[in-house]
1. In this structure, does Ser62 turn out to be within 25 Å of Gly232 (Cα to Cα), surrounded by 13 or more Cβ atoms within 10 Å (Cβ to Cβ) and either over 35 Å from the mean Cα position of the chain (by Cα) or not acidic (Asp, Glu) (or both)?
2. Tell me, yes or no, whether the stretch 66-75 has at least one residue that is surrounded by fewer than 19 Cβ atoms within 10 Å (Cβ to Cβ), at pLDDT 90 or above and touching a Phe, Trp or Tyr at 6+ places or on another chain (Cβ under 6 Å).
3. Mind listing whichever residues of the stretch 180-205 are among the polar types (S, T, N, Q) and at pLDDT 90 or above?
4. Does the stretch 86-123 hold any residues that are free of Cβ contacts under 8 Å to residues at least 24 places away in the same chain and among the polar types (S, T, N, Q), and which are they?
5. Among the residues of the stretch 168-179, is there at least one that is in the same structural domain as Gly259 (by TED's automatic domain parsing), in contact with an Asp or Glu (Cβ under 9 Å, 6 or more places away or on another chain) and modelled with pLDDT under 90?
6. Give me the residue from the stretch 21-35 that is assigned to a strand (DSSP E or B) and in contact with an Asp or Glu (Cβ under 8 Å, 6 or more places away or on another chain) and, out of that set, nearest to Thr119 (Cα to Cα).
Amino acid sequence: MIFDKLKKFDIVFDSPEMDCPPVFSSGDVVSGKVVLDLSTESKVESLKLHAEGFAKVHWTESRSAGSSTAYTQNYSDEVEYLNRREVLLQADNGELTVLPAGRHEYPFSFQLPEETLVTSFEGKHGSIRYWVKVKLHRPWATVKKIKKEFTVIEPIDINTPSLLASQAGSKEKMARIWYRNCGQVSITAKIDRKGYTPGEVIPVFAEFDNSTSRSVMPKAFITQTQTFIARGTMKQKRAVVATLSGDIVGAHRRETWHGRAIKIPPVGPSILQCRIIKVEYMLRVCVDVPGTSKLSLELPLVMGTIPLHPFGSRTSSFSSQYSANMEWLRMAIPEQPEPPPDYSSVVTEEEAVQNSTTGQPEEDLSGVLQRSLMAYVQEFRFRPPPVYCEVDPNPQPINMRPRCMTY
């Protein structure tokens, strides 16, 4: 039969490393070859390639139209980023091409759009995917199709003024127990910059002033929010990806964090330029007050792909950076003494009420490290420079704390 003649049909991307799939960004050239291996002589009409890239979202929600009537509302949208066609094999006069038995290779090459693309992403309610699809047309046979995805990671350079700016804030709250004021709790927190890369440590500088008659517990969390947008409606998934617990602050006491360290796990970069999918991060500094709702302060974060370079800018190209150091491909997820809590345990009661009224329930994000994208993200990061304060997460007496290093 005709199918028996085709022993192999494959797409192979050109890659600087044999065992490492390539990663691309806007403006890069995607190249490779289509491989045909025939057991006997075969006639071919054409061999065509189609490169595509889309961001797509989809979810359903149940609606009630009365006591006994219900229906399902569908929400979906998409954005096209890549659409390129190329003919790899086709006779000019429309006749069939006769290929002898054996291996045949057909190279292809195309350039990604110069305008900014969006990083590959896979989520519960949407995805951003790029792929190459090839169709083999032969007489008296069904069309043979093959599809292979490739990864796009758009560079986010944290060496920009907006991402190097420090982030700070303060918040206070009157603690109440049974309609009785029992004192005020306040938080003041600061981090050195807004942009970080996975694997870095964020030194958190904070002061917790407990003027109540009860002890409080300070904590810090890194949260990720995935937002899917369709037809003017949003669907969100939130998760805690890293935690930091402080020491109990007694009644009428004050506690200071001199650069307490919270490490960023290998999460995906921020996605901020897509119309229908966004991935955002936040450092949330909280105080648990027994008998009342928690006090929470948020500082925005941006997860980049190009780390801090305090001693000068890079001279090599972006494409060479992520393939130069394969050590990061094998970097394991940092060990944690306990799994991160559910996002619902981090938000304040006021935020929980607000989320419930807008029809966007807080959900635990179990797939923060999704697909193989996390391995590619780590390729961008040369070993980051020392953090501003090399501080042991375990508290030490003030006279034994290490000095901060300035650059």
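1. Spelling it out, it is not the case that Ser62 is within 25 Å of Gly232 (Cα to Cα), surrounded by 13 or more Cβ atoms within 10 Å (Cβ to Cβ) and either over 35 Å from the mean Cα position of the chain (by Cα) or not acidic (Asp, Glu) (or both).
2. yes
3. Within the stretch 180-205, Ser186, Thr188, Thr197 meet the criteria.
4. Asn93
5. no
6. Per the stated criteria, the residue is Val23.
The values are calculated or read from the model by the stated rules, or taken from the named source; none is laboratory data. None of the values given here were measured: they were computed from a predicted structure. Note that we place each Cβ from the backbone using ideal geometry, even for glycine, and neighbour counts take in every protein chain shown.
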